[in-house]
Amino acid sequence: MRITMIGTGYVGLVSGVCFSDFGHDVICVDKDPRKIEMLQAGDVPIYEPGLDALMAKNVDGGRLSFTTDLKAAVDGAEAIFIAVGTPTRRGDGHADLTYVMAAAEEVAQALTGYAVIVTKSTVPVGTNRKVKQVVAKAAPEAEFDVASNPEFLREGAAIDDFMRPDRVVVGVQTPRASEVMDEIYRPLFLRDFPIVTTDLESAEMIKYAANAFLATKITFINEIAALCEKVGADVKEVSKGIGMDGRIGNKFLHAGPGYGGSCFPKDTSALARIGQDHAVPQSIVETVIRVNDGVKHRMIEKLRDLCDGSFNGKTVAVLGVTFKPNTDDMRDAPSLTIVPSLVGGGSKVRVVDPQGFREGEALLPGVAWLDDPYKAAHNADLVVILTEWNEFRALDLKKLARKMATPRMADLRNVYTPRDAKRAGFEAYDSVGR
């Protein structure tokens with residue numbers, strides 16, 4: 001099957017590469033000529049483990065190509081995926097659909113035969129019907145259907161998530177569109193991965209509801225962590241104990257500095273706005289947003305306490321600034337709140353992150369970037385573990401403590417234990433929920 005993927009950001013590129021690995025002929029389109037030139041040269045503009053090798057394999061196999069020419073890419077395509085950005089709109093919290101609608105209009109003008117126009121971007125309920133209206137208005141004679149196919153990819157594990165999904169969600173209006181989508185996902189169906197075929201609105205809502213629920217789990221355990229610190233409980237033991245309940249599950253029950261990334265912040269905000277617009281306030285989601293912001297500021301106070309009440313004149317080594325490990329994504333990362341507070345408070349901040357420099361250099365001005373945690377800790381007053389990269393899970397804590405002017409650690413991912421830190425010679429250690 002011939003597939004066109006509009007947008008070579010995280011979702012579009014991963015999806016396009018994986019579809020080509022299914023055996024489909026895929027053309028990925030982007031307006032940014034530099035990005036397309038980079039992809040044509042075999043370079044991947046994002047960091048995702050295994051993506052470069054899989055992309056090269058399918059380019060070499062003749063199933064995957066890249067272009068800036070949308071009209072040529074759409075010509076003859078049986079399915080056209082829209083995978084462009086839907087950032088939070090300034091001022092009101094809604095998802096900005098400017099890029100989605102612009103892509104839909106361009107597709108309409110380029111259609112040469114029947115095709116299914118599939119929205120892969122995360123969009124509010126009702127968007128696919130609007131896409132249909134835009135296309136019909138721009139090309140009244142066009143023969144097409146629309147479909148909703150939200151993504152559920154975890155950064156750092158996206159290829160495995162695409163190839164071995166918990167489920168694939170497809171929203172359609174006609175049997176013909178359903179047949180096309182079935183053919184696209186046939187390789188997964190043959191391996192018994194569940195395909196949920198439903199209506200457009202339900203597919204759109206599934207995506208928002210799923211992300212809001214996961215954000216709620218994270219925020220819930222962070223509130224429990226704060227209470228654990230007051231009553232003397234250990235949130236890791238609490239998480240383990242409640243996570244064994246099959247009705248709850250152990251995923252997303254890890255206390256830390258709050259959620260970030262490309263999905264949870266904007267999707268919870270968008271869902272809250274959708275509820276307000278329909279006079280059905282999403283009170284839980286609104287509380288999750290507020291509490292998550294508070295968690296980040298609570299982490300700052302932890303660091304301030306470890307610095308004797310003031311950041312001024314202190315040297316702080318920050319280990320990890322991406323919102324999670326195995327990605328270079330800095331969007332809404334807790335570091336974007338925490339690190340500027342350190343710098344603004346008068347600290348000299350040294351940052352170590354295996355992939356964060358690419359985006360972080362512009363987003364975190366006033367910090368020094370190093371590639372070695374022990375160098376970053378030299379004569380430092382505080383070490384902060386902010387992202388749990390594997391590189392930071394087996395540090396020589398004794399060596400780290402010896403390097404420091406005052407051996408103190410804020411372990412905001414609970415990688416180590418108070419006992420580990422004390423044995424290594426740290427005079428002060430603080431974590432989350434313990």
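The values are calculated or read from the model by the stated rules, or taken from the named source; none is laboratory data. Because the structure is a prediction, the values reported are computed rather than measured. Positions of Cβ are generated from backbone atoms using ideal geometry, with glycine treated the same way; all protein chains shown enter the neighbour counts. Side chains included, ligands, DNA and RNA excluded: accessible areas come from the protein's heavy atoms. Shrake-Rupley method; radii C 1.70, N 1.55, O 1.52, S 1.80 Å.
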Looking only at region 417-434, how many residues end up being in a loop (DSSP other than H, G, I, E, B) and under 14 Å from L397 (Cβ atoms)?
5
Checking the conditions here, which among V100, V44, V107 is open to solvent by less than 30 Å² (accessible area, probe 1.4 Å), in contact with a helix residue (DSSP H, G or I) (Cβ under 8 Å, 6 or more places away or on another chain) and touching a residue at least 60 places away in the same chain (Cβ under 8 Å)?
V107
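Quick grid of which residues meet (1) loosely packed, with under 15 Cβ neighbours inside 10 Å; (2) among the hydroxyl-bearing types (S, T, Y); (3) touching a Leu at 6+ places or on another chain (Cβ under 6 Å):
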site	(1), (2), (3)
D161	no, no, yes
D166	yes, no, no
V169	no, no, no
A177	no, no, no
Y185	no, yes, no
L200	no, no, no
A210	no, no, no
A225	no, no, no
G232	yes, no, no
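Tell me, which helices (runs of 4 or more DSSP H) lie completely within region 118-214 with 3 or more residues that are within 26 Å of the chain's Cα centre (by Cα) and touching a residue at least 12 places away in the same chain (Cβ under 8 Å)?
127-138, 158-163
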On the basis of being part of a loop (DSSP other than H, G, I, E, B) and either more than 22 Å from G156 (Cβ to Cβ) or of a type in the set (D, E, K, R) (or both), does E37 make the cut?
no
Name the pairs: first residue in region 247-269 and farther than 26 Å from D430 by Cα, second residue open to solvent by 40 Å² or more (accessible area, probe 1.4 Å), Cβ to Cβ under 6 Å, at least 6 apart or on different chains?
I248/I242; S262/R331; P265/D332; K266/T88; T268/I289; S269/T88
So if I check each of A377, A428, which one is more than 31 Å from the chain's Cα centre (by Cα) and more than 28 Å from S262 (Cα to Cα)?
A428
Would you please name the residue that is least open to solvent (accessible area, probe 1.4 Å), looking only at residues in region 347-390 that are assigned to a helix (DSSP H, G or I) and touching a residue at least 60 places away in the same chain (Cβ under 8 Å)?
A377
Residues in region 393-416: is at least one of a type in the set (K, R), touching a Leu at 6+ places or on another chain (Cβ under 9 Å), under 18 Å from G260 (Cβ atoms) and not in a strand (DSSP E or B)?
yes
If only one of F66, F19 is open to solvent by 10 Å² or more (accessible area, probe 1.4 Å), of a type in the set (F, W, Y) and modelled with pLDDT of 95 or more, which one is it?
F66
Out of everything in region 69-97 that is acidic (D, E) and touching a residue at least 60 places away in the same chain (Cβ under 8 Å), what residue ends up being surrounded by the most Cβ atoms within 10 Å (Cβ to Cβ)?
E78
Residues of region 76-109 satisfying the condition of being of a type in the set (G, A, S), in contact with a strand residue (DSSP E or B) (Cβ under 9 Å, 6 or more places away or on another chain) and over 15 Å from A136 (Cβ atoms)
G76, A77, A79, A83, A95, A103
So T287 clears everything in (1) part of a loop (DSSP other than H, G, I, E, B); (2) among the hydroxyl-bearing types (S, T, Y); (3) open to solvent by 50 Å² or more (accessible area, probe 1.4 Å) except one condition, right? Which one?
(1)
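Listed here are the residues, each with its yes/no results for (1) touching a Leu at 6+ places or on another chain (Cβ under 6 Å); (2) at pLDDT 95 or above.
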| residue | (1), (2) |
| --- | --- |
| D277 | no, no |
| P281 | no, yes |
| D305 | no, yes |
| G309 | no, yes |
| V318 | yes, yes |
| A333 | no, yes |
| V349 | yes, yes |
Can you pull out the residues in region 114-147 that are open to solvent by 40 Å² or more (accessible area, probe 1.4 Å) and either of a type in the set (K, R) or under 18 Å from G12 (Cα atoms) (or both)?
R129, K130, K132, K137
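For Y99, are the conditions met, namely being in a helix (DSSP H, G or I), over 22 Å from E179 (Cα atoms) and of a type outside the set (D, E, K, R)?
For Y99, the condition - in a helix (DSSP H, G or I), over 22 Å from E179 (Cα atoms) and of a type outside the set (D, E, K, R) - is met.
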